[in-house]
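Peer 1: I'd like to ask some things about the structure below.
The values are calculated or read from the model by the stated rules, or taken from the named source; none is laboratory data. Fair warning: this is a prediction, and the values are worked out from it, not measured in the lab. Cβ atoms come from the backbone with ideal geometry, glycine included; neighbour counts cover every protein chain shown.
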């Protein structure tokens, strides 16, 4: 079969879409945010490919595999086994590394076990095995240190709240234990404590104390604050809890120096390098190291090891090390690690699905991504990507554009065909940007900062003792190739100026199905109050999470059905017909609408309906950030990354005097959406805020007031300031990769 054929697709906002997608081609899905492109690729094609594969397995096997529901589509054919290479970050397990994810470290262990003396089993080189791991850090390669300045305020007394962590709030259980110990003067400033008193408060080992009150005896355990925090945050299989993370710094293990292994494993060397040192090298250097081995015993594993290392280099990750914890990778880095793994496979007739594979990449490195996508295609596979990068779109065999708008205004197929065919199609917004008929202009004028935030001696990760000055009251773009030190610099800024910084990322606002757009912007309480006053009833009646919610589905509008081996499906609640409310609640009206009618309105429609200044202002903010198409009742867990970030920005547009840091705000955005984003960022600055964007998008970079370009390369070859200044100055600096790609023009 030469095509993937979809008929009658109605998933999410798709409007009964029929589509023919050529197989064994590089196909790029494009369109504005919320247009339906991700629904087509991930919720229909990828999900159906997985579902059909699982259905081919015996029922016993299916019990232990991920379940996948059938998408809302009349017919889909031509889909083969599907592999999704997503940007999901690897979470939760600090024992998973780049080396273990790709199995490169497995082959490296085999190499040392075959050639090393004394000869040892491969398990003795595993940091996840008792034979191999460092006894101090249990194979994590790092230990945690409590930052004392973050847990105590020496200018205060215990009665004044000198202990910062919430567990020790004044009057609470832990604070009361300190008081009951009678070891400390609660009114004396901690700055005046003796060394012995402070050590007792911070580091005392647990001991049982008793307090007598008449015939009652209260027994409790007193221990130092640091001792208690360290004890509960040094479990073998995890690091500090999310609540305590801000009080800790990670440092290399003093026993294994970050190599994760014990002395016995690290004593074995090949070419004067032990396995910990080899796994700590940049992958590009490790690849060269492996080539040195010519011994016959090495030939069994050397080809596979070299291939995995070369694949990691080919996807632009040569600056990482095999020992790099997977949970520290960015979304783009995690996706490229997965891609490297697939480049080593020889599968054919597979459908590969990728979500914006250029995310987190400097323009210099995009060509390599295109080459890798074409390699997967040339092996006889179908490669489907959701992408906005112009280089990828121009290199695709076929483009499919969803739209024309987002939400209710999207869900149609606007244009299909080769890049040239889209460029000649007047209905295609993407084609207009590819031809240059539409573009984002360079503003030509820059703002002068009233001052600078100056930071000195920055050494986190690969930063080379930097001194950085960040202009205040303007928009600054932080640029550089992957691994150049951008994220490290942001971490330094946030850690040193915690109270002044607002970080706005693209993480989910929440996974709770009960949260909706109206709730997030604060309009739902106002709307429910209006309904309550109009009908002289309680406002809680109009909350689907309270007494007004449907009793059958508990206000969700859907029922989750366990279909045994066929997977779970969500079906519309028969009692409320998916409206979330009990029937008698829907009888109450406001301006002719019931509460369910209001929740299906878009922000634009609600702004026209309600003559209430507060509601109009909230809806206007959604309009301003390009989210006027969202329905008020839309669940927060259904938003794309770009939508979530713009929703967060909408809540900040009225603020003044803040310092905002945005991490790749253009990720997942069409050029038309980037244009709107720039308007929002400029609005923030004009309101008297400082904006720092970590960005690779050249349209955003060229419209910044100041650029800080890190590099010149990634990893140990990065961490320097290559260039800093206005866009004009950077564009003229040939030492800067960013400068070489900047094209400043006010035309377009």
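Peer 1: For the range 344-368, which positions are over 20 Å from the mean Cα position of the chain (by Cα), crowded, with 21+ Cβ neighbours inside 10 Å and closer than 25 Å to residue 306 by Cβ?
Peer 2: The answer is 352, and nothing else.
Peer 1: Does residue 3 satisfy the criteria of being farther than 23 Å from residue 431 by Cα and without any contact (Cβ under 8 Å) to a residue 12 or more places away in the chain?
Peer 2: So residue 3 does not fit the description; no.
Peer 1: Filter the range 615-645 down to the residues that are over 24 Å from residue 678 (Cα atoms) and in contact with a helix residue (DSSP H, G or I) (Cβ under 6 Å, 6 or more places away or on another chain) and list them by number.
Peer 2: Across the range 615-645, the qualifying residues are 615, 632, 633, 634.
Peer 1: Moving on. Which residues, taken from the range 257-270, are assigned to a loop (DSSP other than H, G, I, E, B), under 31 Å from the mean Cα position of the chain (by Cα) and modelled with pLDDT of 95 or more?
Peer 2: 259, 260
Peer 1: Still on this structure: Taking only the range 302-342 into account, find how many residues are within 15 Å of residue 286 (Cα to Cα) and touching a strand residue (DSSP E or B) at 6+ places or on another chain (Cβ under 9 Å). Walk me through it before giving the result.
Peer 2: Taking the range 302-342 as the starting set, the residues that turn out to be within 15 Å of residue 286 (Cα to Cα) are 302-314, 316-324.
Going one step further and asking which of them are touching a strand residue (DSSP E or B) at 6+ places or on another chain (Cβ under 9 Å), we end up with 321-324.
Residues meeting the conditions: 4.
Peer 1: Consider the range 377-389. How many of its residues are at pLDDT below 95 and part of a helix (DSSP H, G or I)?
Peer 2: 0
Peer 1: Another question, then. Just for the range 122-146: of the residues that are in a loop (DSSP other than H, G, I, E, B) and touching a helix residue (DSSP H, G or I) at 6+ places or on another chain (Cβ under 6 Å), which one is surrounded by the most Cβ atoms within 10 Å (Cβ to Cβ)?
Peer 2: If we take residues in the range 122-146 being in a loop (DSSP other than H, G, I, E, B) and touching a helix residue (DSSP H, G or I) at 6+ places or on another chain (Cβ under 6 Å), then 132 is surrounded by the most Cβ atoms within 10 Å (Cβ to Cβ).
Peer 1: Right, here's the next one. Quick test of your reading of the structure: residue 405 fulfils all but one of (1) more than 30 Å from residue 723 (Cα to Cα); (2) surrounded by 15 or more Cβ atoms within 10 Å (Cβ to Cβ); (3) at pLDDT 95 or above. Name the failing condition by number.
Peer 2: (3)
Peer 1: Could you say which residue among 482, 487 is assigned to a helix (DSSP H, G or I), more than 16 Å from residue 452 (Cα to Cα) and under 19 Å from the mean Cα position of the chain (by Cα)?
Peer 2: None of the others qualify; the one that does is 487.
Peer 1: Taking only pairs six or more apart or across chains, which ones have beta-carbon atoms under 9 Å, a first residue in the range 444-468 that is in the same structural domain as residue 487 (by TED's automatic domain parsing) and surrounded by fewer than 12 Cβ atoms within 10 Å (Cβ to Cβ), and a second residue that is in a loop (DSSP other than H, G, I, E, B) and at pLDDT below 95?
Peer 2: 465/459
Peer 1: A further question follows. Suppose we filter 631, 623, 614 for residues that are surrounded by fewer than 23 Cβ atoms within 10 Å (Cβ to Cβ) and either closer than 22 Å to residue 686 by Cα or in the same structural domain as residue 505 (by TED's automatic domain parsing) (or both); which single one remains? Spell out the reasoning first.
Peer 2: Numbers: 631 fails: either closer than 22 Å to residue 686 by Cα or in the same structural domain as residue 505 (by TED's automatic domain parsing) (or both); 614 fails: either closer than 22 Å to residue 686 by Cα or in the same structural domain as residue 505 (by TED's automatic domain parsing) (or both).
Being surrounded by fewer than 23 Cβ atoms within 10 Å (Cβ to Cβ) and either closer than 22 Å to residue 686 by Cα or in the same structural domain as residue 505 (by TED's automatic domain parsing) (or both) holds for just one of 631, 623, 614, which is 623.
Peer 1: What is the one condition in (1) crowded, with 22+ Cβ neighbours inside 10 Å; (2) at pLDDT 90 or above; (3) not in a loop (DSSP other than H, G, I, E, B) that residue 596 does not satisfy?
Peer 2: Just one mismatch for residue 596, condition (1).
Peer 1: Scanning for something assigned to a loop (DSSP other than H, G, I, E, B), modelled with pLDDT of 90 or more and within 17 Å of residue 406 (Cβ to Cβ), does the range 602-624 turn up at least one residue?
Peer 2: no
Peer 1: Checking residue 316 against (1) within 28 Å of residue 664 (Cα to Cα); (2) at pLDDT 90 or above; (3) part of a loop (DSSP other than H, G, I, E, B), only one condition comes out false. Which one?
Peer 2: (2)
Peer 1: What number goes with the only condition from (1) over 30 Å from residue 252 (Cβ atoms); (2) modelled with pLDDT of 95 or more; (3) surrounded by 15 or more Cβ atoms within 10 Å (Cβ to Cβ) that residue 8 does not pass?
Peer 2: (3)
Peer 1: Continuing with this model, one more query. Please work out which residue is modelled with the lowest pLDDT, limiting yourself to the range 79-99 and to residues that are closer than 18 Å to residue 373 by Cβ and part of a strand (DSSP E or B).
Peer 2: The selected residue is 85.
Peer 1: A further question follows. Would you point out which residue out of 662, 669, 677, 653 is assigned to a loop (DSSP other than H, G, I, E, B) and buried (at least 21 other Cβ atoms within 10 Å of the Cβ)?
Peer 2: On the way: 662 fails: assigned to a loop (DSSP other than H, G, I, E, B); 677 fails: assigned to a loop (DSSP other than H, G, I, E, B); 653 fails: buried (at least 21 other Cβ atoms within 10 Å of the Cβ).
Residue meeting the stated conditions: 669.
Peer 1: Let me ask you something else. Please go through (1) surrounded by fewer than 14 Cβ atoms within 10 Å (Cβ to Cβ); (2) assigned to a helix (DSSP H, G or I); (3) in the same structural domain as residue 265 (by TED's automatic domain parsing) for residue 107 and return the number of the only condition it doesn't satisfy.
Peer 2: Of (1) surrounded by fewer than 14 Cβ atoms within 10 Å (Cβ to Cβ); (2) assigned to a helix (DSSP H, G or I); (3) in the same structural domain as residue 265 (by TED's automatic domain parsing), only one is false for residue 107: (1).
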